Amino acid sequence: MGKYVERNLLEGEKIVCEAQIHWCYWVRPFISVLFFVILGSVLAFGALNASGAQCTENAGALLETDGAVRNPDDYSGVFKVCSIVCFVIAVFIFIRRYIKYKTTEMVITTRRLVYKRGFISRHTFELQLSKVETIQVDQTVLGRVFNYGKVSAIGTGGTGETISFIARPMNFRNEFQKCVDLFAGTVSAEAGNR
């Protein structure tokens, strides 16, 4: 359950449904991390070869490029720095995505829709159920196959928010619609009692 939402529930408000982020959220960062790890490994291997750690008969030979004569040891520092940079980029990509994953909350309560993302800088979107015009679900072909999609909540006045990689978006939309209908019934019953 979302800690932000739990701490900010209104009096008498209860959490009805919480959206989950789908595992496909990790595909693109996984490919990026894999690319940078492989690139970093190739560069690290190049640094080892250039520094003579894996000597062959010709490893100590001088290299001639652009008319200049260079020793292979001249390149080992560049390879090492580039490989370290690649590994740092891979770690950064993973940590950034992990923090976004752990700090994103999308919850339907008995009174409102709450969306929060961010750790140091925070973005929140809260929409009262009475102010909702529509909930839109967009799914690509892969989204239909793996059951994930984008959920957009649009309120009166055109305010809205779109959240990607929501698992089971149609279930989330149906739960949201039940809450809106329940809220509308509660409001009309309260108005009839007055």
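Would you mind finding the one in Ser32, Ser76 that is small (Gly, Ala, Ser), surrounded by 15 or more Cβ atoms within 10 Å (Cβ to Cβ), modelled with pLDDT under 85 and assigned to a helix (DSSP H, G or I)?
After ruling out the rest, the residue left standing is Ser76.
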Which condition number in (1) open to solvent by 40 Å² or more (accessible area, probe 1.4 Å); (2) free of Cβ contacts under 8 Å to residues at least 60 places away in the same chain; (3) touching a Ser or Thr at 6+ places or on another chain (Cβ under 9 Å) is the one that Arg111 fails?
(2)
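What do you reckon, is Val141 open to solvent by 30 Å² or more (accessible area, probe 1.4 Å), of a type in the set (A, V, I, L, M, F, W, C) and out of contact with any Phe, Trp or Tyr (no Cβ under 9 Å at 6 or more places or on another chain)?
Working: open to solvent by 30 Å² or more (accessible area, probe 1.4 Å): yes; of a type in the set (A, V, I, L, M, F, W, C): yes; out of contact with any Phe, Trp or Tyr (no Cβ under 9 Å at 6 or more places or on another chain): yes.
When the stated conditions are applied, Val141 passes them.
Being modelled with pLDDT under 60 and assigned to a strand (DSSP E or B) is the requirement here; does Val107 meet it? Please lay out each step first, then the result.
On the way: modelled with pLDDT under 60: no; assigned to a strand (DSSP E or B): yes.
Spelling it out, it is not the case that Val107 is modelled with pLDDT under 60 and assigned to a strand (DSSP E or B).
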I'm trying to understand the selection: among the residues of region 1-29, which are assigned to a helix (DSSP H, G or I) and either in contact with a Leu (Cβ under 8 Å, 6 or more places away or on another chain) or open to solvent by less than 70 Å² (accessible area, probe 1.4 Å) (or both)?
Tyr4, Val5, Cys24, Tyr25, Trp26, Val27, Pro29
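Looking at the structure I just gave you, is Phe119 modelled with pLDDT under 90, of a type in the set (A, V, I, L, M, F, W, C), within 30 Å of Ile95 (Cα to Cα) and loosely packed, with under 13 Cβ neighbours inside 10 Å? Give the derivation first.
Details: modelled with pLDDT under 90: yes; of a type in the set (A, V, I, L, M, F, W, C): yes; within 30 Å of Ile95 (Cα to Cα): yes; loosely packed, with under 13 Cβ neighbours inside 10 Å: yes.
Yes, satisfied.
Which one of these is in a helix (DSSP H, G or I) and open to solvent by less than 60 Å² (accessible area, probe 1.4 Å): Ser130, Ser83? Give the steps one after another, and end with the answer.
Values: Ser130 fails: open to solvent by less than 60 Å² (accessible area, probe 1.4 Å).
Exactly one of Ser130, Ser83 is in a helix (DSSP H, G or I) and open to solvent by less than 60 Å² (accessible area, probe 1.4 Å), namely Ser83.
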Restricting attention to region 90-100, and to residues there that are open to solvent by 80 Å² or more (accessible area, probe 1.4 Å) and out of contact with any helix residue (DSSP H, G or I) (no Cβ under 6 Å at 6 or more places or on another chain), which single residue is farthest from Glu13 (Cα to Cα)?
Val91
Please list, ordered by first then second residue, the pairs with beta carbon atoms under 6 Å, 6 or more apart or interchain, first in region 19-40 and within 30 Å of Phe172 (Cα to Cα) and in contact (Cβ under 8 Å) with a residue 12 or more places away in the chain, second assigned to a helix (DSSP H, G or I) and among the basic types (Lys, Arg).
Pro29/Arg97
Output for region 143-176, where each listed residue is under 15 Å from Met106 (Cα atoms) and not in a strand (DSSP E or B):
Arg168, Pro169, Met170, Asn171, Phe172, Arg173, Asn174, Glu175, Phe176
Among (1) assigned to a helix (DSSP H, G or I); (2) touching a His at 6+ places or on another chain (Cβ under 9 Å) - the single one Tyr115 does not satisfy:
(1)
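The values are calculated or read from the model by the stated rules, or taken from the named source; none is laboratory data. These numbers come from a predicted model, not from an experiment. Here the Cβ is made from the backbone with ideal geometry for all residues, glycine too, and neighbour counts use every protein chain on show. These area figures cover heavy atoms from the full protein model, side chains too; ligands, DNA and RNA do not enter into them. Shrake-Rupley method; radii C 1.70, N 1.55, O 1.52, S 1.80 Å.
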